[in-house]
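Structure record follows, encoded as structure tokens.
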Amino acid sequence: MHTIQIITLEEAQERLLAHMHPVMPEKVGLLESIDRILAEDVYAAISQPPFERSAMDGYAVRSSDLKTSDRCHPVCLKVIDRVCAGEVTDKKVQEGEAIRIMTGAMIPEGADCVVKQEDTDYGEEDVKIYLSLDKHINCCPIGEDFHRGDCLGQKGERIDAYMMVSMASGGIDKVSVWRKIRVAIITTGEELMMPGQPLLPGKIYNSNLAYLTGRLMQLGCDITEGCFVGDDTEAIVSAVRRSAAQADVILTTGGVSVGVKDLLPEVIEKLGADLLFHGIDLKPGMPTMASLYNGKTIISLSGNPFSASAVFELLMQPLIRKMTGSSHPVMVRKEAVLAHDYPGNIGSRRVLKAYDDGHAVHITKGQHNAQMRQGIGTNCFVDMPSGTGPLKAGDKVHIWRL
């Protein structure tokens, strides 16, 4: 008879990561790259801006012509041309001359500063300038943002909109990113029904599929399949085999304990998969199981919603990081201050839903396996070691940031 052999959470994470390898990189268009992970450093092909340009609507002039200019003694210059953004004039600013210029336009040859139009009489053929300026005033220099060859994104960084706009400005149209991890979700249990169906007596709606689908999408994964099957060993075996043809990782929920209908241990045996572990010293999530099948990772979670979600976060986040090339896949467990008293006595090691506001951690009410609404807005788990007694506000705890 199959028995559960308990290991620590950290051992479970290590066993999984030991068998994980980064997925292959792929080239994608810049506009499709948001939230993807860079597979290589990206360098600017050009400087930004690529030429000295005007920061104002006004007049491009020689600063040496304005040395005596003020409100009472304006300098009058001849306007020889007008240049707007995207245009280039072939005229050179000589002594006593100006070129009407608009924001973003290239500074004409011979000019070394720009007078704001508000400091002039807006002249069209001749313009009066009412102040003096130093060189380069109201001009954006070449490379003000970055220079050609500057690194705009490092391997392992997530692409955000600021990085995208920087790469676009630097002339980058395609980037190398790690391929999205492909995950299949198989939820098991005769008690499950899909939302939208009339709920029959003794049945519950399939909430695990909703949670795992949502979180995998947030974590940047592709979901190859999301299904549920009844308590039937052959049906689950068939679903795993089908999923393994496309997925990198297969998540199952339900059937991992030692009850009459806990069929996943038998499924793993029938598949001929290599068992990595079965049992984690953690509540919720103690009966969690992981195995390898044809080079694919199977993580079998409890059917209880909080149990499935908690262990999913603690195992899948490091796995996803390693598979997408992160040099630091292990989740950071950090110290925090408790915002309020916590009356519970902890037997086995336990994780609790909580919210870290940056100053203190608030443990939510409702930590039972089926209580998921209390997780809305939470952003961390409090890691309570075995034997933890009642805690007071201000006591130190350890958290896993999600």
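Select, from 128, 135, the only residue that is open to solvent by 30 Å² or more (accessible area, probe 1.4 Å), assigned to a strand (DSSP E or B) and either over 30 Å from residue 32 (Cα atoms) or at pLDDT 95 or above (or both). Before the answer, list the steps.
Details: 135 fails: assigned to a strand (DSSP E or B).
Every option except 128 fails the conditions.
Sort out for me the strands (runs of 3 or more DSSP E) sitting completely within segment 314-374 that have 3 or more residues that are open to solvent by 50 Å² or more (accessible area, probe 1.4 Å) and under 30 Å from residue 157 (Cβ atoms).
Details: elements: 333-337, 350-356, 361-363.
Where strands (runs of 3 or more DSSP E) fall fully within segment 314-374 and carry at least 3 residues being open to solvent by 50 Å² or more (accessible area, probe 1.4 Å) and under 30 Å from residue 157 (Cβ atoms), they are 333-337.
Could you list all residues from segment 15-39 that are under 17 Å from the mean Cα position of the chain (by Cα), over 23 Å from residue 315 (Cα atoms) and acidic (Asp, Glu)?
If the condition is that a residue be under 17 Å from the mean Cα position of the chain (by Cα), over 23 Å from residue 315 (Cα atoms) and acidic (Asp, Glu), then 32 is the only one that fits.
Within segment 57-102, can you find the residues that are under 49 Å from the mean Cα position of the chain (by Cα), hydrophobic (A, V, I, L, M, F, W, C), within 14 Å of residue 116 (Cα to Cα) and not in a strand (DSSP E or B)?
102
Check residue 87 against each of (1) open to solvent by 30 Å² or more (accessible area, probe 1.4 Å); (2) on the phi > 0 side of the Ramachandran plot and name the one condition it does not meet.
(2)
Out of segment 181-203, which residues are out of contact with any Gly (no Cβ under 6 Å at 6 or more places or on another chain) and surrounded by 14 or more Cβ atoms within 10 Å (Cβ to Cβ)?
Initially, segment 181-203 is screened for residues out of contact with any Gly (no Cβ under 6 Å at 6 or more places or on another chain), giving 181-184, 186-187, 191-203.
Listed by number, the residues that qualify are 181, 182, 183, 184, 186, 187, 191, 192, 193, 203.
Looking at 333, 373, 350 in this structure, which one is under 27 Å from residue 208 (Cα atoms) and under 23 Å from the mean Cα position of the chain (by Cα)?
Values: 373 fails: under 23 Å from the mean Cα position of the chain (by Cα); 350 fails: under 23 Å from the mean Cα position of the chain (by Cα).
Criteria check complete, one pass: 333.
On the given criteria, is residue 123 open to solvent by less than 30 Å² (accessible area, probe 1.4 Å) and either polar (S, T, N, Q) or more than 36 Å from the chain's Cα centre (by Cα) (or both)? Explain how you work it out, then say what you get.
Working: open to solvent by less than 30 Å² (accessible area, probe 1.4 Å): yes; either polar (S, T, N, Q) or more than 36 Å from the chain's Cα centre (by Cα) (or both): yes.
So residue 123 fits the description; yes.
Between residues in segment 26-38 that are at pLDDT 95 or above and acidic (Asp, Glu) and residues that are open to solvent by less than 70 Å² (accessible area, probe 1.4 Å) and not in a loop (DSSP other than H, G, I, E, B), which pairs lie under 7 Å by C-beta distance while being six or more apart or on different chains?
26/177
Pull out all pairs, ordered by first then second residue, where Cβ-Cβ is under 8 Å, the residues are six or more apart or on different chains, the first lies in segment 7-18 and is over 12 Å from residue 288 (Cα atoms) and modelled with pLDDT under 95, and the second is among the charged types (D, E, K, R) and surrounded by 16 or more Cβ atoms within 10 Å (Cβ to Cβ).
17/322
Being outside any loop (DSSP other than H, G, I, E, B) and either touching a Phe, Trp or Tyr at 6+ places or on another chain (Cβ under 9 Å) or within 19 Å of residue 39 (Cβ to Cβ) (or both) is the requirement here; does residue 165 meet it?
Details: outside any loop (DSSP other than H, G, I, E, B): yes; either touching a Phe, Trp or Tyr at 6+ places or on another chain (Cβ under 9 Å) or within 19 Å of residue 39 (Cβ to Cβ) (or both): no.
The answer is no for residue 165.
Where the second residue is assigned to a loop (DSSP other than H, G, I, E, B) and open to solvent by less than 30 Å² (accessible area, probe 1.4 Å) and the first is of a type in the set (Ser, Thr, Tyr) and lies in segment 170-197, which pairs have Cβ atoms under 7 Å and are six or more apart or on separate chains?
The qualifying pairs are 176/39; 187/206; 187/254; 188/254; 188/255.
Please find, among 311, 330, the residue that is under 12 Å from residue 13 (Cβ atoms) and free of Cβ contacts under 8 Å to residues at least 60 places away in the same chain. Walk me through it before giving the result.
Values: 330 fails: free of Cβ contacts under 8 Å to residues at least 60 places away in the same chain.
Going through 311, 330 in turn, just one is under 12 Å from residue 13 (Cβ atoms) and free of Cβ contacts under 8 Å to residues at least 60 places away in the same chain: 311.
Of the residues 87, 97, only one is closer than 11 Å to residue 61 by Cα and of a type in the set (Asp, Glu); which?
On the way: 87 fails: closer than 11 Å to residue 61 by Cα.
The match here is 97.
Out of everything in segment 46-76 that is of a type in the set (Val, Ile, Thr) and open to solvent by 30 Å² or more (accessible area, probe 1.4 Å), what residue ends up being farthest from residue 133 (Cα to Cα)?
Of segment 46-76, the ones of a type in the set (Val, Ile, Thr) are 46, 61, 68, 75.
Those still in the list that are open to solvent by 30 Å² or more (accessible area, probe 1.4 Å) too: 46, 68.
Details: 46: 30, 68: 10 Å.
Filtering segment 46-76 for residues that are of a type in the set (Val, Ile, Thr) and open to solvent by 30 Å² or more (accessible area, probe 1.4 Å), the one farthest from residue 133 (Cα to Cα) comes out as 46.
Determine whether residue 142 is part of a helix (DSSP H, G or I) and either closer than 30 Å to residue 62 by Cα or more than 17 Å from the chain's Cα centre (by Cα) (or both). First the steps, then the outcome.
Numbers: part of a helix (DSSP H, G or I): no; either closer than 30 Å to residue 62 by Cα or more than 17 Å from the chain's Cα centre (by Cα) (or both): yes.
Taking the combined requirement at face value, the residue does not satisfy it.
So, in segment 1-45, of the ones that are open to solvent by 70 Å² or more (accessible area, probe 1.4 Å) and of a type in the set (Val, Ile, Thr), which residue ends up farthest from residue 265 (Cα to Cα)?
34
Could you grab me the full set of residues in segment 143-157 that are crowded, with 17+ Cβ neighbours inside 10 Å and in contact with a Phe, Trp or Tyr (Cβ under 8 Å, 6 or more places away or on another chain)?
152
Quick check on my filter: what residues within segment 222-261 are farther than 25 Å from residue 195 by Cβ and either over 34 Å from the mean Cα position of the chain (by Cα) or buried (at least 24 other Cβ atoms within 10 Å of the Cβ) (or both)?
Of everything in segment 222-261, those that are farther than 25 Å from residue 195 by Cβ and either over 34 Å from the mean Cα position of the chain (by Cα) or buried (at least 24 other Cβ atoms within 10 Å of the Cβ) (or both) turn out to be 233, 234, 258, 259, 260.
Per-residue answers, yes or no, for (1) within 17 Å of residue 323 (Cβ to Cβ); (2) of a type outside the set (A, V, I, L, M):
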| site | (1), (2) |
| --- | --- |
| 150 | no, yes |
| 158 | yes, yes |
| 165 | no, no |
| 169 | no, yes |
| 184 | yes, no |
| 196 | no, yes |
| 199 | no, no |
| 217 | yes, no |
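The values are calculated or read from the model by the stated rules, or taken from the named source; none is laboratory data. Worth saying up front: this structure is predicted, and the values here are computed from it rather than measured. Reconstructed Cβ throughout: ideal geometry from the backbone, glycine too, with neighbour counts over all protein chains shown. Surface areas here come from the heavy atoms of the whole protein model, side chains and all, with no ligands, DNA or RNA. Shrake-Rupley method; radii C 1.70, N 1.55, O 1.52, S 1.80 Å.
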